[in-house]
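The values are calculated or read from the model by the stated rules, or taken from the named source; none is laboratory data. Since the structure is predicted, the reported quantities are computational estimates derived from the model, not experimental observations. Because the Cβ atoms are built from the backbone with ideal geometry, glycine has one as well, and the counts that use them run over all protein chains shown.
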C-alpha cells in the first residue's frame, strides 16, 4: 500500500521488489487485489477524517498537479493540527474545494490566492503570507520600479515573519496584533501606489464591476499569463519557405 500510494511504485515493479528483496513471488494481480482490500478497509476512517475537516475551526488547504495513469489530475490536501485528508480530483475548480470543506464550512481557511477559493466569505479566509514573500522576491529581481517595489515588499514581509516568530515564543496575541497593524498600513500604501502606475487590463475592469464585499480580500500579486483579449492582434505572417530549394532536394550524392 505504501509503495503504491505514497511512493507511486507500479504494480509490476512492486512484484519485482518483493521477489528480489524478500524472495516472495507475487503476481501483479495479487498486488492490485491487496491494494483494493486495503482501500476498502480504510474507507471508514477516511470518511471520519473528512467529517473532522468539515467541522474544524481552522483548515489549511492547498492543491497541486498530479498524474494518474498518464492523465492529469489534481491532488488536494486539507490539514489541521491533528487531521490530514488528501483527495485526488479531476481539476482545481471551486467545486472540488467545496467537496473537501463542505457546503456549510464555518471555520477559517488558510490558502493561497487561487481563484478556486474565491467563493468563501472574505472574513473566513487567511491568505498564506509565505506566498507574498515569494512574490516580492520575484519582483525584487526585476528592474527599476519593479525592483524597488519588490524590495519594499520584502522588508514588510520579513518584519511580518519576525513578529510571528516572537508570537511563537511568548503567545502574546495582543502584541502580535499591535506589531502587524502598522505593517498592514505600509503594505496597503505600497500596493495602492503601485496600482496607480500599473496599466489597466480587462482583469482590473472586471474587478471594478464587482460589489464592494468581493474586494475585501487582499489583492493578488501572483503574475498571470496575459489573455488573448489583453494582447495586440497578431499580424499575418507570410508562409515559411522550405529550408532547401526543390531543385536540391533530390540531387544524387557524389562519390569519390
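The residues of the range 1-20 that are in a helix (DSSP H, G or I) and more than 21 Å from residue 87 (Cβ to Cβ), listed by number, are 11, 12, 13, 14, 15, 16, 17, 18, 19, 20. For the range 132-151, indicate whether the set of residues that are modelled with pLDDT under 90 and within 23 Å of residue 55 (Cβ to Cβ) is non-empty. Checked the range 132-151: no residue is modelled with pLDDT under 90 and within 23 Å of residue 55 (Cβ to Cβ). Any residue that is touching a strand residue (DSSP E or B) at 6+ places or on another chain (Cβ under 8 Å) and either part of a loop (DSSP other than H, G, I, E, B) or in the same structural domain as residue 104 (by TED's automatic domain parsing) (or both) - is there at least one of those in the range 155-178? So far as the range 155-178 goes, no, none of its residues is touching a strand residue (DSSP E or B) at 6+ places or on another chain (Cβ under 8 Å) and either part of a loop (DSSP other than H, G, I, E, B) or in the same structural domain as residue 104 (by TED's automatic domain parsing) (or both). Cβ-Cβ under 6 Å, sequence separation 6+ or interchain: first residue in the range 21-47 and within 22 Å of residue 84 (Cα to Cα), partner at pLDDT below 90 and in a helix (DSSP H, G or I). Which pairs? Taking only residues 6 or more apart or on different chains, the pairs are 35/4.
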